[in-house]
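Asks: Here's a structure for you.
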Amino acid sequence: MRPFAYSKATSEPDAIARGGETATKFLGAGTNLVDLMREGVEVPAALVDVTGLSGSIEETDNGGLMIGAAASNTAVAESAAVRERYPALTRAILSGASAQIRNMATVGGNILQRTRCTYFYDLEGSRCNKRRPGEGCDAIDGFNRGHGILGVSQDCIATHPSDMCVALAAFDALVHLAGPGGRRIVPLADLHRLPGDTPDVETVLAPGELITSVELPAAPVDARSTYRKVRDRASYAFALVSVAAVLRVTDGRIAEVRIALGGVAPKPWRTREAEDALVGATPGETAFVRAADIALSGATTRPGNAFKPELMHRTIVAVLQDLAGASE
Amino acid sequence: MTQPSDKRSVPNADNGLKLNRRTMLAGSAATIAVAALSGAATAEPAPGLSDARDPLVRSPGGLGAARPRRDGPLKVRGEARFAAEHTFPGMVYGALVFSTIARGTIRAIDTEAAQAAPGVVFIMTHENAPQLAPPEPFYSSPTGMAGSSLPVMQDASVHWNGQPVAVVLAATQEEADHAASLVSVAYDAADAVTSFEAATAGAEVAKYAGRDLQYVAGDAEAALAEAAVSVDLEFSTPRQNHNQIEPHAVTVAWQDGILRMHDCTQGVDLSAITIAKVFGIAPSDVHLTAEFVGGGLGGKTLWQYHILAAAAARLAERPVRMTLSREGVYRICGGRAPTRQRIALGAGSDGRLTALIHTGTTVKIAHNAMTEPFIDASEHMYRADAMHLEVRVGTMDMLANTFMRAPGSAVGTFPLETALDELAEKLGIDPVELRIRNEPDKDPTTGKAFSQRAVVEAYREGARRFGWQRRSGKRLGRREGEWLVGTGMASAYYPYKRFPGGAARITLTSDGKALVEVAAAEMGMGTSTATAAVAAERLGLAYEDVDVRYGDNTLPGSLIAAGSQQTAAIGASLTAAHAALVAELAALVPEGAALHGQPAEALTTLDRSLVLAANPAERISFADLLARSGRTSISAEAKAPPPAEAKEWSMHSTGAVFCEVKVNAITGELRISRISGVYDCGRILNEKLAASQFRGGIIMSLSMAMMENTHFDERNGRIMNPSLAAYYMPAHLDVPEIDVAWTGIPDPHAPTGARGIGEIGMNGPSAAVANAIYDATGQRIRDLPITLDKLM
């Protein structure tokens, strides 16, 4: 690991003042960033520790929740309000990492964690357009079992590894940012960028911009939500595919539906066209299969992940059937 | 046959050797009820084979008790010091730089930035490394312990992707790691063979442990073509890497011409001899200790990091601690090689095998003597009229492949036991019944009599414990919601081994205690605990009164914790040392005392006394003997006889594994819901340790079945998942409660009746899982690991 400066922010303005320096990164629990520093993939000159900033989980005026970015994953998962109103979020968080990591990892850090593509991690031995733009990608013709099928590009097929973010995307979460240019709010589903020919640019965050909190809008009334994760072992593995879905059925018709996909794209992947196709339909296999078809219509695969469209398709249908069955 | 040198006989030993069934473990949930077994296959002993006359084989004494590990409290309290926890004054820390090409030469190494980095003490590359002899690999010489014979940092050549090309020593580990990251290396890459296909294009019949891996009897292909029922199947198994909980490490110092090493090795003496030869010094000028080893599994041998640490320590004139990162372990310490195998079975309609063909290819490096001997179970498990068994091997530019728990048989039993299941289905015969019908009455390939074999009892007991439903060609799988549930079984197999070189020293002291000293290794399996129990039983002392020293190359013998044979090797060494001790004690008996004038051969030890074997009431206590001869202690050391028993008899451990799996009908996810293993491994010396060994092996085999897979990038020979996060092994949720049991029938030809239990658990579960998956889903998966995409 290269030498670096460390300081702990005492307040949000303090963090933003410090975070504006060159080659400075904000540090949450470090469960991903410190790993990347050990590998030499991240080489910040300075870290500004923001774990002392707000980690509270509070009710908002419009019936939602405001979660401080420093809240631990465990705190969010165990929050009674989250468990009751956003159960898919609790499920998603608890399906990720290990208890020890969840106890440390922050909400802000979870959102900004980087891909687990092993070529991205192999600083010395492999090419990666994310690490060194333009040098090529060894994953495209290499080991890509865990890689993306939606939103990927010729330069990068890496996935965003978070479970939590998939559920947040399904709940239309809003990310509150503060930076040298002021404050703004970005929908979580729009925070991460697709790789295109600049896979090194992963989010819309401006230099020095800090995630201060995540806002969950009021949960749809009478809706059911869940999260299903499919992976290569029963725990402590990243998703091959995952689905977070919210479904509200009224008078035998789908009144509201949200579907977010994980493990298949460079970002938590909302499937709005599939959702639109479902609204007003009779819940059932026919409609769900059609929605899954739409959701995966743009999928592209490599030999290592050629199974993913079918697995994702089956999982989407199963999750929606599960929610529809529970709604009856 | 070769007569063992230990010709001691015990006059009243029961030469008829009717096994005393009371010696089988009783009273434990993990123990087969004696009554459940019948007709144990036991052979008459050959006259003169001392072990066959060994009273301990049938002793009803304290052996077998579920004693806890002696080092357990130390480990739980964090007081057990491992290789990377020892220090020397002035010690510095080492870090390695690994190559990023598979073959070629180093054009230039720029160490300037690293030299200038904080804390850096010394940097070694091929340009300043001392001249060193190439290390001797395991099986290339009687004392070889290295993973490969490649010269270590002797020139600019690169032989695999991940080879160490520079060593950085610094005041702290962090500084060493940082400086290592600043070393810049330019390579001239050469063409490398990094694909399995290219490596095996010209594969040749392999040699292993001094013999060709080939056996031909009759015309198996013709028999297959004529068989009433047959299967002819292709299988593949992946590359795997070692993941011991303790990453490899060594702490070394040169002290007054002595190379002092705190190591983690499975063979303290062989490691010391091998590194001594590399440095051109006498083995007695190496003092190597490894009191605790955090998992070995075949991978804790002598690797380049040991040699590089010692070389750098000598040049820098500073003690060095070299702890490999997890990535470092993957880069320079080998694992299991991949295989492609064919199994073809022909049978009559009665299920009796007319043809058994087991052939295939694997890869190794050009600089070791390790080919996966994956036909060994096929050589000894089933009778067949005609057989063709053959392993062909090609060489590849890669990290040295090496031994990994149950080398050969782990990957060989998977196809054999899967093919039998497929054949059973075609025949409409229950898979257990098919195996019983092909149970040989003597070794199928050597023709020798079995020393002891009760696999049929294991099948029956396993079936009973598991609740096996007999089947006749029809799947019995059922559905529970989303989950398809099925059951399957397989045989387990592992050869008996006892490597030469065993020796032990026993010292009796006037306080009524004994010290046993043996240069054995303890990887966590309970060597000192089992050794103390055997020694106590043999000496006639309480278990608590026997102390054991091990893990130090200056102690007697040259033992190695490998091949599931260290316990047997120690057992034979203790027998020999005990005989020598009895002779010493006999010489102390004063005139006029009981036993005076009796030949040593007529004496033995019991109840803290030297006794007349034929009449133990005639005795003199150790304390009395020592006091009357004016001594405070007496010591005897002896070597174990050569392993003649393994030449005379067909000696193997066997077992039966039954499991239930659940396969998700939607996603293909696989869960193991139940598993039972019943083993026939001779006498069990400690129920608790044995159960852990069996369970550990079963978990490792489930891992092989479900997920383990080294991502070896065939484009450049680089391992792409060198971490516990990316290389999957089971987490707790992947492992069900594991039921284990054993026949406990002593092997009359194995020291103390025990054949060895460390690896057999590895063999069988992977095939039982695949067979259960078929029962659940109707799908036959013949390439490991069985990941969900193969089951969708």
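Asks: Determine, for A:GLU273, B:GLU291, the number of other Cβ atoms within 10 Å of each Cβ, and report the residues in order from fewest to most.
Replies: Numbers: A:GLU273 13, B:GLU291 22.
Listed from fewest to most nearby Cβ atoms, that is A:GLU273, B:GLU291.
Asks: Mind listing the phi-derived Karplus ³J(HN,Hα) values for segment A:108-125, rounded to whole Hz, using 6.51, -1.76 and 1.60 with θ = phi - 60°, and x for any glycine or proline?
Replies: x, x, 4, 5, 9, 5, 9, 4, 9, 3, 6, 6, 4, 6, 8, 3, 7, x
Asks: Among all helices in chain A defined by DSSP H, which have a length of 18 Å or more along the axis from Cα atoms plus a Kyte-Doolittle mean of at least -1.0? Spell out each step's value before the answer.
Replies: On the way: long enough: A:308-327 (28 Å, 0.30).
Going by DSSP H runs, the hits are A:308-327.
Asks: Report the convex hull volume per residue for segment A:73-150, counting only C-alpha atoms, in Å³.
Replies: Numbers: hull volume 10.1 nm³, N = 78.
In segment A:73-150, the Cα hull volume divided by residue count equals 130 Å³.
Asks: Sticking with this structure for a sec: Net charge near B:SER236: determine it from the other residues with C-beta under 9 Å of the C-beta of B:SER236, scoring Lys and Arg +1 and Asp and Glu -1.
Replies: Numbers: positive: B:ARG340, B:ARG782; negative: B:GLU234, B:ASP783.
The answer is 0.
Asks: Note down the nm distance, to one decimal, between modelled labels 7 Å out along Cα→Cβ at A:ARG193 and at B:ARG211.
Replies: 6.6
Asks: Could you work out how much longer the chain between B:GLU433 and B:GLU591 gets when fully extended? Use 0.36 nm per residue separation minus the Cα distance between them, nm to one decimal.
Replies: On the way: separation 158, 0.36 × 158 = 56.88 nm, distance 6.50 nm.
Result for the pair: 50.4 nm of gain on full extension.
Asks: Still on this structure: With a ≥ b ≥ c taken as the square roots of the eigenvalues of the C-alpha gyration tensor of segment A:137-249, please select rounded if a/c is under 1.5 and otherwise prolate if a/b is larger than b/c or oblate if it is not? Write out the running numbers ahead of the final one.
Replies: Numbers: a/c = 2.28, a/b = 1.09, b/c = 2.10.
The shape class here is oblate.
Asks: I want to make sure I understand the PRE zone here: with the label point 7 angstrom from the Cα of A:GLN321 toward its beta carbon, which residues in segment A:267-285 have backbone N atoms less than 12 Å away?
Replies: Once the point is set 7 Å along Cα→Cβ of A:GLN321, A:284-285 turn out to lie under 12 Å by backbone N, inside segment A:267-285.
Asks: Could you work out how much longer the chain between B:GLU584 and B:THR632 gets when fully extended? Use 0.36 nm per residue separation minus the Cα distance between them, nm to one decimal.
Replies: Values: separation 48, 0.36 × 48 = 17.28 nm, distance 1.39 nm.
Answer, rounded to one decimal: 15.9 nm.
Asks: With +1 on each Lys and Arg Cβ and -1 on each Asp and Glu Cβ, and nothing else charged, work out how big the dipole of segment B:498-642 is about its Cα centre, in Debye to the nearest 20.
Replies: Numbers: 10 positive and 15 negative charges, 45 e Å.
Charge dipole, segment B:498-642, about its Cα centre: 220 debye, nearest 20.
Asks: Related question: In nm, what is the difference between 0.36 nm times the number of residues separating B:ALA228 and B:ASP607 and their Cα-Cα distance? Present the calculation step by step, with values, prior to reporting the outcome.
Replies: Numbers: separation 379, 0.36 × 379 = 136.44 nm, distance 6.28 nm.
Full extension of this stretch gives 130.2 nm more.
Asks: Can you list the DSSP H helices in chain B whose Cα atoms extend at least 27 Å along the helix axis and whose mean Kyte-Doolittle hydropathy is 0.0 or higher? The partial results should precede the final answer.
Replies: On the way: long enough: B:566-588 (32 Å, 1.27); B:687-706 (28 Å, 0.59).
The answer, listed by residue number, is B:566-588, B:687-706.
Asks: If a paramagnetic tag sat 7 Å from the Cα of B:SER195 along the Cα-Cβ line, which residues of segment B:687-726 would have the backbone N under 17 Å from that point?
Replies: B:712-718, by backbone N distance to the label point.
Asks: Testing the spin-label approximation: label points 7 Å from Cα along Cα→Cβ at A:ALA281 and B:GLN131. State their distance in nm.
Replies: 7.9
Asks: Show which lysines lie in cross-link reach of B:LYS300 when reach means a straight Cα distance below 29 angstrom and same-chain residues fewer than eight apart are skipped.
Replies: B:LYS75, B:LYS207, B:LYS277, B:LYS364, B:LYS497, B:LYS639, B:LYS647, B:LYS688
Asks: Note down the relative contact order for chain B as a percent, whole number, built from C-alpha pairs under 8 angstrom at least six residues apart. The partial results should precede the final answer.
Replies: Values: 2125 pairs, mean separation 143.5, N = 792.
In percent, rounded to a whole number, it is 18.
Asks: Also, quick follow-up: Say R0 is 30 Å: what FRET efficiency, to the nearest 0.05, do B:GLN115 and A:ARG183 get from their beta-carbon distance? Can you show the working numbers first?
Replies: Working: r = 48 Å, r/R0 = 1.61.
That gives a FRET efficiency of 0.05.
Asks: At what distance in nm do the modelled label points of B:GLN779 and B:THR172 sit from each other, each positioned 7 Å from its Cα along Cα→Cβ?
Replies: It is 5.1 nm.
Asks: Between the alpha-carbon centers of segment B:529-547 and segment B:355-377, tell me the distance in whole angstrom.
Replies: Each part reduced to its Cα centre gives a spacing of 40 Å.
Asks: Rounded if a/c is under 1.5, else prolate if a/b is larger than b/c, else oblate: which is segment B:354-451, with a ≥ b ≥ c the root eigenvalues of its Cα gyration tensor?
Replies: Numbers: a/c = 2.50, a/b = 1.89, b/c = 1.32.
Note, shape of segment B:354-451 comes out prolate.
Asks: Using Cβ counts within 10 Å as a stand-in for footprinting exposure, how do A:CYS165, A:CYS137 rank, fewest first? Mind showing how you got there, number by number?
Replies: On the way: A:CYS165 30, A:CYS137 25.
Ascending Cβ contact count within 10 Å gives the list A:CYS137, A:CYS165.
Asks: So if R0 is 41 Å, what FRET efficiency would A:VAL289 and B:ILE245 give, r being the distance between their Cβ atoms, rounded to the nearest 0.05? Walk me through the numbers on the way to the answer.
Replies: Values: r = 46 Å, r/R0 = 1.13.
E between A:VAL289 and B:ILE245, to the nearest 0.05, is 0.35.
Asks: What is the magnitude of the charge dipole of chain B about its Cα centre, with +1 placed on the Cβ of each Lys and Arg, -1 on the Cβ of each Asp and Glu, and no other charges, expressed in debye to the nearest 20? Intermediate results must be reported in sequence, preceding the final value.
Replies: Details: 73 positive and 86 negative charges, 273 e Å.
Approximately 1320 debye in magnitude.
Asks: Determine which residues of segment A:193-211 fall in the zone a paramagnetic label at B:ARG715 would reach in this model, i.e. backbone nitrogen under 14 Å from the point 7 Å along Cα→Cβ.
Replies: Taking a point 7 Å out along Cα→Cβ of B:ARG715, no residue of segment A:193-211 has its backbone N under 14 Å.
Asks: Let me ask you something else. What order do you get for B:SER701, B:SER491 when you list them from fewest to most C-beta neighbours inside 10 Å?
Replies: Details: B:SER701 31, B:SER491 27.
If I rank by nearby Cβ atoms, fewest first, I get B:SER491, B:SER701.
Asks: Let me make sure I get this right: for chain B, a, b and c are the square roots of the gyration tensor eigenvalues over alpha carbons, sorted descending. Under 1.5 in a/c it's rounded, otherwise prolate if a/b > b/c, else oblate. Which is it?
Replies: Taking the square roots of the gyration eigenvalues as a ≥ b ≥ c, chain B is oblate.
Asks: On to the next question. Using a Förster distance of 22 angstrom, determine the FRET efficiency expected from the C-beta separation of B:THR105 and A:ASP141, and round it to 0.05. Working shown, then result.
Replies: Values: r = 26 Å, r/R0 = 1.20.
FRET efficiency, B:THR105 to A:ASP141: 0.25.
None of the figures in this text is laboratory data; all of them are computed from the coordinates on show. Please read all numbers here as calculations on a predicted model, not as lab measurements. Cβ coordinates were reconstructed from backbone atoms using ideal geometry, including for glycine residues, and neighbour counts include every protein chain displayed.
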